[in-house]
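Chemist: Before I ask anything, here is the structure I am working with.
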Amino acid sequence: MPSMGRDPALGKARRAVSGPVREDVPSRPHRCARAKHWWLLAFVLVFPASLVAAPARSAILYQVDPSYVSIRFVVGNMFGVFSTTGDFKQLSGSILLDLDAPQHSHVDVTVASASIETAWDTANKMLLSPAFLDPAQYPSVHFVSDRVVQLAPDHVILHGYLTLRGITRPQELDARLIDEQSQPGMGPVADFVVTGQFNRHDFGMTTDFPTVSWKVSLKINAHIFLTPKGSNAP
Amino acid sequence: MPPKVPPATWSAAQRRLHWLVAAGVVAAFALSLVMTRLSDDQLLLKFLLYQLHKTLGLLVLAGTLARLVLLLRHGRPPLPGSFTRLEKRAAYLGHGVLYVLLIVVPVLGYLTNSTSPSRIPVLFMLVIPLPNLTPPSRYWNDLLVTCHHFAAIALVVIAGVHALIAIIHQLRGQPILRRMWSG
């Protein structure tokens, strides 16, 4: 299946948006069905039809390719006289966007805590220490959305849970679709920009203030490809 | 331009600036020995000492530029007549090298900070943020750290020799140290 794109067949076939998107749901009915596989053809035709009986919703889902996602944090240093920015280089999971009904979007992302990287060696060392991310004990950081509240056609609040150092707490993230534009050869593209902040003290990172601020800002940027409606192109 | 007839003594401003710059160099150098040895457990102290070092470096630079302006406007008292021709040449060369290093070392320090990937600003007097002049670059930062380091060592060594020679001349009855101290 194409990794991204607006696919009406997929949209109709999938009612629920929970769970990772990378499961192997065929993007469209198998066209290779031969007569001897009549049962398969029947199944493929009947199965989606059985779901149409559910309340209609035109879920158009976007799987976001992790290579187009950056997960960045910013902390203030020394009472905020300067700041340090870092990126999580390894992430997995799914970002499912339903642009027609944003409240049905779903985000479930796990990042490898050892993959944190800043441009400052001292900060890298600190982040990997037991007082901060402690990857040896807590190898991953996880966010899963629970409820999506739409504020505007291109603006939602993701309510969910952030798990950091084994501590899970409710977390709100602000998500916008911005910079919609046409990219030659790719069709329309946009950036799904998610911002939020948390207090690191809440997650057991209780040392090194004021060298490192309590407040940690998050900025997640996902570049997505918006295929025009009705097109099967990836 | 310096006056046609050289002054008999250093002006009070020249004397004060000489010793202030000297004190700045000594303090900045002493700080560098401490701050670079601090572990990351003492990051806040380390940060403060680095900022103090940066402030001192900028003060040394400003003081040196002011000294050059005074040298051009006021001139300098001649070296004692008892100096040999070789001693006079060596003195002018040594002073020239010292002036160059007093400018080069702080400038290299500032550029070291500017190219640092950590993007920690220079906070003059611990409060006034000064801009980075270059984008971050690990390559240039490594190179500049080395240059700043060796130029600073050269400055301190040559300044030490300069002080030693001044003391020796003073003890030999050529009161050049005294005239820099009390005019």
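Every number here is computed from the coordinates shown, using simple stated rules; none is lab data. Every value quoted in this text rests on a predicted model; they were computed, and no experiment measured them. Here the Cβ positions follow ideal geometry from the backbone for every residue, glycine too, while neighbour counts run over all protein chains shown.
Chemist: Tell me, what is the FRET efficiency for A:Ile167 and A:Ala101 to the nearest 0.05, using R0 = 30 angstrom and their Cβ-Cβ distance as r? It would help to have the intermediate numbers written out before the result.
Modeler: Values: r = 32 Å, r/R0 = 1.07.
Once rounded, the FRET efficiency stands at 0.40.
Chemist: In whole Hz, what ³J(HN,Hα) sequence does segment B:73-89 give by Karplus (6.51, -1.76, 1.60; θ = phi - 60°), x for Gly and Pro?
Modeler: 7, 9, x, 9, x, x, 5, x, x, 6, 5, 6, 4, 5, 4, 4, 4
Chemist: In debye, nearest 20, what is the charge dipole magnitude of chain B about its Cα centre with +1 on Lys and Arg Cβ and -1 on Asp and Glu Cβ, if you could check?
Modeler: 800 debye
Chemist: On to the next question. Relative contact order for segment A:142-196 using alpha-carbon pairs under 8 Å, separation at least 6, rounded to a whole percent?
Modeler: Reported relative contact order: 26 percent.
Chemist: On to the next question. Grab the other residues whose beta carbon is less than 11 angstrom from that of A:Asp208, score K and R as +1, D and E as -1, and report the net. All intermediate terms of the calculation are to be shown ahead of the outcome.
Modeler: Values: positive: A:Arg200; negative: B:Asp40, B:Asp41.
Computed value for this residue: -1.
Chemist: State, as an integer percentage, the relative contact order of segment B:107-183 based on alpha-carbon contacts under 8 Å between residues 6 or more apart.
Modeler: Once divided by the residue count of segment B:107-183, the mean separation gives 24 percent.
Chemist: Considering the dipole of segment B:12-182 built from charges on the beta carbon (Lys and Arg +1, Asp and Glu -1) around the Cα centre, which of B:Ala163, B:Ile153, B:Pro80 is farthest to its positive end?
Modeler: With unit charges placed on the Cβ atoms, the residue in question is B:Pro80.
Chemist: Still on this structure: Report the full-extension gain for the segment B:Ser82 to B:Ala12: residue separation times 0.36 nm, less the Cα-Cα distance, to one decimal in nm.
Modeler: Going from the current span to full extension adds 22.7 nm.
Chemist: In µm²/s, what is D for chain B at 10 °C and 1.306 mPa s, where D = kT/(6 pi eta Rh) by Stokes-Einstein and Rh is the Kirkwood radius from Cα pairs? Mind showing how you got there, number by number?
Modeler: Values: Rh = 18.0 Å.
In µm²/s, the coefficient rounds to 88.
Chemist: Identify, among B:Val104, B:Asn141, B:Leu20, the residue whose Cα sits farthest towards the positive end of the charge dipole of chain B, taking +1 on the Cβ of Lys and Arg and -1 on the Cβ of Asp and Glu, with the dipole about the Cα centre.
Modeler: Value computed over the given set: B:Leu20.
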